[in-house]
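Since the structure comes first, as C-alpha cells, the remarks are kept for the end.
The values are calculated or read from the model by the stated rules, or taken from the named source; none is laboratory data. Predicted model only: the values in this text are computed from it and were never measured. We place every Cβ from the backbone using ideal geometry, glycine too, and count neighbours over all the protein chains shown.
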Amino acid sequence: MTIARWVPGEGPRDKLLERGVAALSDAELLAVLLHTGYRDCNALELARKLLRQFAGLAGVLRAGQASLLACPGVGAAKYAQLQAALELARRQALHVLCTGGALTSPGETRRFLQYHLAAHNREVFTCLFLDSQHRVLRCEDLFFGTLDGAAVYPREVAVRALQYHAAAVIFAHNHPSGVAEPSSADRRITERLCAALGLLDIRVLDHIIIGRGEDYSFAEQGLL
C-alpha cells in the first residue's frame, strides 16, 4: 500500500504536513522516503523492518546496495531515493559551511561531518581547508581504507594545503565500528600532521572522529 492510499490524517506524510517534520519518528521519516511497501506490508511496516534489521537509521543509510536490495520490498528505485536524500543532506550541510562566513560553529561542522562520513562502511579521512578567517576553502576526502583504518600521508596533506593556500585545517575521519574513541594510531598520525603542517605555519584546529551518533574532538579534549 502506498502512503497516498492511507486514510487521510493517519499516514506519516499527513503527520509531517500537519505537525512538521520534527514530529515524525525515524520509521515514519523513512516511510515517507520509501513511499511504498509490498504485498501485506505498507511503507511504515517496511521502514520498521529495515530499522530492526540494520540496527537503526544510521545502519540503514550505511548499508550497501547489495544488502538493501536483498530486503523484500526494496528495489533499485528505493535504494536510489535513500542515497539521494543522504546526498542532499550532505550537500546542504557543506553549503552552510562554505557560505556561512567564518567557521565559528562546532555544531555545524560536526553536523556536516556526520552527514559526510557516518554512512561509510570503510574508513575515510577528510580535510577541511580554511583561510586565515577560518572560512572553508575546500572539503576533500584524501585517504580511504578498509573497515580497520586508512593510511594517512602528511606530505600529501601538506601539498593540498599549499595548493589551496590554506591557513588552517580541520581533520576528520570515521570509525565504521561506531565507537568514536581515538586509537593510538589516531593519536600518532595527529601528532605527525601537526608537526608537518606546523613547519608550514598552517594551524591544525581540530581532528574529529565520527562514530555512530557520536563524535570525538581532539581540540575539546586538549590533545592539540
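Quick look at the values:
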{"quantity": "Criterion: touching a Lys or Arg at 6+ places or on another chain (Cβ under 6 Å), modelled with pLDDT of 90 or more and crowded, with 19+ Cβ neighbours inside 10 Å - qualifying residue of ALA27, ALA93, ALA119", "calculated": "ALA27"}
{"quantity": "Enumeration of residues in the range 12-26 that are over 19 Å from the mean Cα position of the chain (by Cα) and either over 18 Å from GLU45 (Cβ atoms) or part of a helix (DSSP H, G or I) (or both)", "calculated": "PRO12, ARG13, ASP14, LYS15, LEU16, LEU17, GLU18, ARG19, GLY20, VAL21, ALA22, ALA23"}
{"quantity": "Residues satisfying the stated conditions in the range 186-207, i.e. touching a residue at least 12 places away in the same chain (Cβ under 8 Å), among the acidic types (Asp, Glu) and in a helix (DSSP H, G or I)", "calculated": "ASP186"}
{"quantity": "Qualifying position, being among the basic types (Lys, Arg), under 30 Å from TYR153 (Cα atoms) and without any contact (Cβ under 8 Å) to a residue 12 or more places away in the chain, among ARG111, ARG135, ARG91, ARG62", "calculated": "ARG91"}
{"quantity": "In the range 152-166, residue farthest from PRO106 (Cα to Cα) [restricted to those that are in contact (Cβ under 8 Å) with a residue 24 or more places away in the chain and surrounded by fewer than 19 Cβ atoms within 10 Å (Cβ to Cβ)]", "calculated": "ARG155"}
{"quantity": "Hey, LEU137 over 26 Å from SER184 (Cα atoms), in the same structural domain as LEU193 (by TED's automatic domain parsing) and over 14 Å from the mean Cα position of the chain (by Cα) or not", "calculated": "yes"}
